[in-house]
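Novice: This structure is in structure tokens; I'll ask about it shortly.
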Amino acid sequence: MDAVARSCVAQRTVTVLENVAIARDTFRLRLEDPEMARSIVPGQFVMVRPGPGTDPLLGRPFALYDVARDASGAALGFDVVFLVIGRGTAALAGRRPGDRVVVWGPLGHGFGPPPGRSAVFVAGGIGQTPFLALGRWWLGRASYGAGLFPSDSPAGPFATSATLLYGVRTAALAAGVEDFERAGIAVELATDDGSAGHRGFVTDLLARRLDRGERPAKVVGCGPPAMLAALS
């Protein structure tokens with residue numbers, strides 16, 4: 001698997017298809033790159049630079065949000081979601097359809113096979129981004145990898161359910177909730193200010209489930225270090 005991962009990593013300049021705000025200071029960027037879209041799998045990420053120049057010199061790492069497909073189901077590009085927090089992401093937020101950006105990837109390792117029972121994703125801040133594609137795969141609603149890391153290879157039964165526990169500072173920062181719901185992934189929110197869902201830590205939502213006797217087959221977390229420490 002590692003050899004395959006290294007062999008398909010490439011850097012190229014690609015075209016922006018869409019760039020839309022989906023929450024406060026949060027954008028979904030769709031890039032035209034059929035080769036990347038055919039090879040990337042849930043859990044991997046790409047480096048994205050706003051243009052072919054040298055400012056900023058370094059790309060920004062973004063997890064695969066999902067693969068974009070045409071009416072026939074053929075992969076035509078991929079989506080990433082990002083929060084504007086600095087010069088690089090501010091430049092990306094200003095990109096329009098037809099603009100060109102530099103991508104490098106796919107990088108990292110994909111997630112393991114479906115758990116066969118229920119799955120719970122725990123996300124804080126912008127940490128929900130890897131879980132849309134993962135949830136769609138684990139629920140049997142999409143496949144990824146086109147033979148490189150084939151997510152549709154025999155790996156036991158698909159998940160019976162998937163739930164996203166999603167914590168943000170305030171409701172205006174909750175990004176992509178409708179995308180998850182359309183994919184059949186239940187969403188429970190926690191906000192610091194109580195503007196939506198549970199007021200408090202997102203890990204409280206998981207603790208409640210465990211206290212009720214629920215035992216998901218797999219719990220996967222992505223978010224700030226303090227949240228991940230609480231999960232461990």
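None of the figures in this text is laboratory data; all of them are computed from the coordinates on show. Model, not experiment: these values are computed from the prediction. Cβ sites come from the backbone with ideal geometry, for glycine too, and all protein chains shown count toward neighbours.
Novice: When the Karplus curve 6.51 cos²θ - 1.76 cosθ + 1.60 is applied with θ = phi - 60°, which whole-Hz ³J(HN,Hα) does each residue of the range 180-187 get, with x for Gly and Pro?
Specialist: With the stated coefficients, the range 180-187 comes to 5, 5, 5, 7, x, 9, 5, 10 Hz.
Novice: What residues qualify as long-range amide H neighbours of Asp33, i.e. H under 5 Å apart, gap of 5 or more or another chain, H built at 1.01 Å from N?
Specialist: Under 5 Å from the amide H of Asp33: Gly77, Phe78.
Novice: Could you list which residues have their amide H under 5 Å from that of Val187, counting only those 5 or more apart in sequence or on another chain, with H placed in the peptide plane?
Specialist: Leu164
Novice: On full extension of the chain, what length is gained from Thr170 through Ser232, given 0.36 nm per residue of separation minus the C-alpha to C-alpha distance?
Specialist: Taking Thr170 through Ser232 to full extension adds about 19.8 nm, to one decimal.
Novice: Given 0.36 nm per residue, what is the gain on full extension from Thr13 to Trp104 after removing their alpha carbon distance, in nm?
Specialist: Residue separation times 0.36 nm, minus the Cα-Cα distance, leaves 31.9 nm.
Novice: Using only alpha carbon pairs under 8 Å that are at least six residues apart, calculate the relative contact order of the chain and give it in whole percent.
Specialist: 21
Novice: Would you indicate which of (i) 1, 6, 12, 15, 18, 17, 13, 9, 6, 3, 0, 0; (ii) 1, 7, 14, 18, 19, 17, 13, 7, 3, 1, 0; (iii) 1, 6, 13, 15, 15, 13, 11, 10, 8, 5, 2, 1, 0 is the value of P(r) over Cα pairs in 5 Å bins from 0, in percent derived from the coordinates of this structure?
Specialist: (ii)
Novice: Sorting check: for 14-21, 196-203, 70-77, 162-169, which peptide has the highest mean count of neighbouring beta carbons within 10 Å, and how do the rest follow?
Specialist: Packing order, densest peptide first, comes out as 162-169, 196-203, 14-21, 70-77.
Novice: Run through the DSSP bridge list for the chain and note the antiparallel percent, rounded to the nearest 5.
Specialist: 60
Novice: Under the Karplus relation 6.51 cos²θ - 1.76 cosθ + 1.60, θ = phi - 60°, what is the ordered set of whole-Hz ³J(HN,Hα) values for the range 64-79, x standing for Gly and Pro?
Specialist: Here the 3J(HN,Hα) series is 4, 8, 5, 9, 8, 10, 7, 4, 7, x, 6, 5, 10, x, 9, 10 Hz.
Novice: Let me ask you something else. Can you list the HN-Hα couplings for the range 92-108, worked out from phi with the Karplus curve (6.51, -1.76, 1.60; θ = phi - 60°), rounded to whole Hz and with x for Gly and Pro?
Specialist: Karplus-based 3J(HN,Hα) across the range 92-108 equals 5, 4, x, 6, 10, x, x, 5, 10, 10, 9, 10, 9, x, x, 10, x Hz.
Novice: Right, next: In terms of modelled amide H atoms, which long-range or inter-chain residues lie less than 5 Å from the amide H of Glu18?
Specialist: For Glu18, the qualifying residues are Arg30.
Novice: Go ahead and estimate [θ] at 222 nm for the chain from helices alone: -39,500 (n - 2.57) per DSSP H run with n ≥ 4, summed, over the residue count, rounded to 500.
Specialist: -5500 deg cm²/dmol
Novice: Going by average Cβ density within 10 Å per residue, which order do the peptides 186-194, 30-38 take, highest to lowest?
Specialist: 30-38, 186-194
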